[in-house]
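The values are calculated or read from the model by the stated rules, or taken from the named source; none is laboratory data. The structure presented is a predicted model; accordingly, all values stated were derived computationally and were not measured. Cβ placement follows ideal geometry from the backbone for every residue including glycine, while neighbour counts extend to all protein chains displayed.
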Amino acid sequence: MNMDTNYNETYLQPDVILIGAGIMSATLGVLLKELEPGLSIAIFERLDAVAAESSDAWNNAGTGHSAFCELNYTPQNKDGSVDISKALKIAAAFEVSKQCWAYLVQQKYISSAPSYISNIPHLSFVWGNENVAFLKKRFEALTSNALFKGMRYSENNEQIKEWMPLVMEGREPGQRLAATKMDIGTDVNFGALTKSMILHLQKQDGVTLYLGNEIQDIFKTKEGQWQVTIKNMASDKNRKFHSKFVFIGAGGGTLSLLEKSDIPEAAGYGGFPISGQWLICNNETVIARHHAKVYGKAAVGAPPMSVPHLDTRMIDGKKALLFGPYAGFSTRFLKHGSLMDLPKSIKLDNIMPILSVGLKNIPLTRYLIQQVSQSADERLDSLKEYLPTAQMPDWELAIAGQRVQVIKKDEEEGGILEFGTEVVCAADGSLAALLGASPGASTAVSIMLNVLEKCFPDKIKTPKRQNKLKEIIPTYGKSLASDPVLCKAIRKQTSEILGLEKES
Ligand SMILES: Cc1cc2nc3c(=O)[nH]c(=O)nc-3n(C[C@H](O)[C@H](O)[C@H](O)COP(=O)(O)OP(=O)(O)OC[C@H]3O[C@@H](n4cnc5c(N)ncnc54)[C@H](O)[C@@H]3O)c2cc1C
């Protein structure tokens, strides 16, 4: 197994440098090694463990995002209709991820599936006439597509009680409620998955993982290679590596490294950090009585990813129950980062977009300040909207991962705030960086395929590599949203391998 102790001289010039040992680098590393087994890869991680930032199971919500229950993926148009285009993309991207994970299981590259992916039904739950009308329209729009086959809708409180008894317990009778349920929803332990993938990579010839090693600088040499300066956190010593290709998969740490690379494509990008907190249930009886991921509607002014949800989780073989996230504001870009991250990220080329976004997003700022200053009683009140019988001693507050939303230069607006992910590539394909956090880990495979297509367009077009990609992702290049037969067949296949519930 290749692991950082002393620097391995052979790999001072690896073919590929991956910065950060989260799910994105792990996924790219695995795909690259499958496509070109002879590649040498060096993975650098500033912390002493793999997947200890956003990819850690307790730092994210573990939802296998398929847009089954997340209402923010289906915005309502001005004419009242529901836009499902984003939901279709996300649902299809999750199927791509599942195919890749199924391939890794089949090849015995990673541990058996139940340790990282489990079936937990996905439910949307709303109250009030307006929200009920929206959910019904959403259901009708989504179920016209095969990706959402099997979704059920109910306004019947008895039916909803059957789906989620604890959520209905102690609720005022006669309340106007509606819910949808998708049985094939999943919970994913992205931390366990990342660790399995990195362990598999470490067993490959030419792959070395350097833990406790922080990238300090990235610089393009006259010869056209990237020179990367690495600080060993234990010895405080710096070392330089060179490579033809660098992927910055440093999560919240990506923006500052991208700025250091000085590629023209990085100009104008900024970051807006949003922190999060969960309430974690410590009462085994309560945990045992709920079995679903229940997503509601975001409060007015709330960022889309701060939709409250009550989540059954399966973490390291144990059932857990989380509520949140409660959003907040911190100037850190990483959970284990520095308070100076935000101020240091402001440069001449991004100050205008950042200021413009700040001025235009006063409701968001107000919402975040209100969330940060919430008392324990106010947090309990939010929880009680989902679990009317909740009692504070059964719940403990914990810090979630940090998300850095993308701020982009915009000709008309000055700057715009985006809630998705963005791959930024050097024109010559020698460097790629991933900014943003949502829908995140669930779509890691599609995002990394996008990196391959942008950075190695000719290399991956060869018949040999196209065939390999189709072996890993049988539907590669095909649209699941417009092919119900293929959608059903591939779901059946991946469910069998991953030990998941099959579509009825
Ligand atoms: C509260 C919350 C809830 C979420 N819920 C979900 C969900 O339900 N479903 C979902 O699919 N996604 C979810 N996400 C998003 C998902 O967690 C992320 O998209 C994903 O984990 C990002 O993976 P990554 O590899 O890019 O980053 P990370 O996992 O953060 O890894 C980046 C790594 O880079 C390292 N690093 C940083 N700087 C340097 C440096 N200079 N040198 C070396 N190493 C460095 C960090 O230490 C870290 O280990 C959630 C995120 C948060 C915060």
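Can you tell me which residues in segment 436-461 are at pLDDT 95 or above and within 12 Å of the ligand (Cβ to nearest atom)?
441, 442, 443, 444, 445, 446, 447, 448, 451
Being under 29 Å from residue 197 (Cα atoms) and either away from the ligand (no atom under 12 Å from the Cβ) or in contact with a Leu (Cβ under 6 Å, 6 or more places away or on another chain) (or both): is that true of residue 239 here?
Taking the combined requirement at face value, the residue satisfies it.
Taking residue 275, is it within 13 Å of the ligand (Cβ to nearest atom) and part of a strand (DSSP E or B)?
Taking the combined requirement at face value, the residue satisfies it.
Name every residue in segment 397-429 that is over 18 Å from the mean Cα position of the chain (by Cα) and within 16 Å of the ligand (Cβ to nearest atom), in order of residue number.
Scanning segment 397-429 gives 397, 398, 425.
If you scan segment 15-29, which residues turn out to be within 6 Å of the ligand (Cβ to nearest atom) and among the β-branched types (Val, Ile, Thr)?
Hits for segment 15-29 are 19, 23.
Across segment 310-328, what is the total count of residues that are farther than 13 Å from residue 294 by Cβ, in contact (Cβ under 8 Å) with a residue 60 or more places away in the chain and within 10 Å of the ligand (Cβ to nearest atom)?
Qualifying residue count, segment 310-328: 1.
Under the condition of being on the phi > 0 side of the Ramachandran plot and in contact with a strand residue (DSSP E or B) (Cβ under 9 Å, 6 or more places away or on another chain), which residue from segment 221-280 is modelled with the lowest pLDDT?
For segment 221-280, the residue satisfying everything is 268.
Any idea how many residues of segment 214-245 are more than 21 Å from residue 425 (Cβ to Cβ) and within 29 Å of the chain's Cα centre (by Cα)?
Residues that pass the stated criteria total 7.
Only helices (runs of 4 or more DSSP H) wholly contained in segment 153-243 count here; list those with 1 or more residues that are within 27 Å of residue 28 (Cβ to Cβ).
Correct list: 190-202.
Anything in segment 177-220 that is acidic (Asp, Glu) and either under 30 Å from residue 70 (Cβ atoms) or out of contact with any strand residue (DSSP E or B) (no Cβ under 9 Å at 6 or more places or on another chain) (or both)? List them, or say none.
183, 187, 205 - these are the residues of segment 177-220 that are acidic (Asp, Glu) and either under 30 Å from residue 70 (Cβ atoms) or out of contact with any strand residue (DSSP E or B) (no Cβ under 9 Å at 6 or more places or on another chain) (or both).
Taking helices (runs of 4 or more DSSP H) that fall entirely within segment 386-504, which contain at least 2 residues that are among the hydroxyl-bearing types (Ser, Thr, Tyr)?
Answer list for segment 386-504: 484-498.
Name every residue in segment 228-262 that is among the aliphatic types (A, V, I, L, M), in contact (Cβ under 8 Å) with a residue 60 or more places away in the chain and more than 16 Å from residue 345 (Cβ to Cβ), in order of residue number.
Within segment 228-262, 228, 230, 233, 246 qualify.
List every residue pair whose Cβ atoms sit under 6 Å apart, with the two residues 6 or more apart in sequence or on different chains, where the first one lies in segment 437-462 and is closer than 21 Å to residue 63 by Cα and the second, anywhere, is away from the ligand (no atom under 12 Å from the Cβ) and not basic (Lys, Arg).
These pairs meet every condition: 445/96; 445/100; 446/96; 448/31.
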